[in-house]
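Asker: One structure is given below, represented as structure tokens, and several questions about it will come after.
Just so it is clear, none of the values below were taken in a lab; they were calculated from the coordinates. All of these numbers come straight from a predicted model, not from anything done at the bench. Counting neighbours? That spans all protein chains shown, and the Cβs are built from the backbone with ideal geometry, glycine included.
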Amino acid sequence: MSIAFLITTLIVVATPGTGVVYTLSAGLARGRRASVLAATACTLGIVPHMIAAITGLAALLHASAVAFEILKYLGVAYLLYMAWSTLKDREAIVVEGDPEPTSALRTITSGVLINVLNPKLTLFFFAFLPQFVPAGEPGSLPRMLLLSGVFMLATFVVFSVYGVLAAGVRHHVLSRPRVLAWLRRIFAGSFAALGAKLAFTTQ
């Protein structure tokens, strides 16, 4: 396990993106448990990209402009939906107590979809991980799985820290209606901005 891989992984994971925004939103909305669920969901959303990279599906996605565009715009549409629902649901950040089971399921489903519908993550696995796996050497597949597992673990830990910190200031935020209103706008704007950024990305 090289230091370069670990440092690069931490930089990529810690850089604010859709998963971080979603985890922060869950922590503020429903507390610590929901933030950990969101972090778990975003981590699970990495699995399809990892499988795509290992099986070579990422190469197909990279080669096919149509496949890339379809997946990209599905991701854009979902991010815009998240922006709209966050702005519309004025009760989203004022839920008291533990979340209901349906809320937990919704948290997990949304978190998984956010990362699954991100073609850049597949291409990241396709371009990033192979740099640390010697081509043609025995044990390359187990090494790829190990590095992917480390990346997923780092994602879960960093996202959980973000979410728990957000949950820690939740009660201070809930008592300030103006702050709640601005948080809704900030999260909605963040999802919309990330969707716009994804829309203009290329292979």
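Asker: Using the beta-carbon distance between ARG185 and LEU10 and R0 = 30 Å, what value does 1/(1 + (r/R0)^6) give for FRET efficiency, to the nearest 0.05?
Answerer: Between ARG185 and LEU10 the formula returns 0.50.
Asker: So, in nm, how far is label LYS197 from label ALA77 when the simple model puts each one 7 Å beyond its Cα toward the Cβ?
Answerer: Each label point is offset 7 Å from its Cα along the Cβ direction, giving 2.3 nm.
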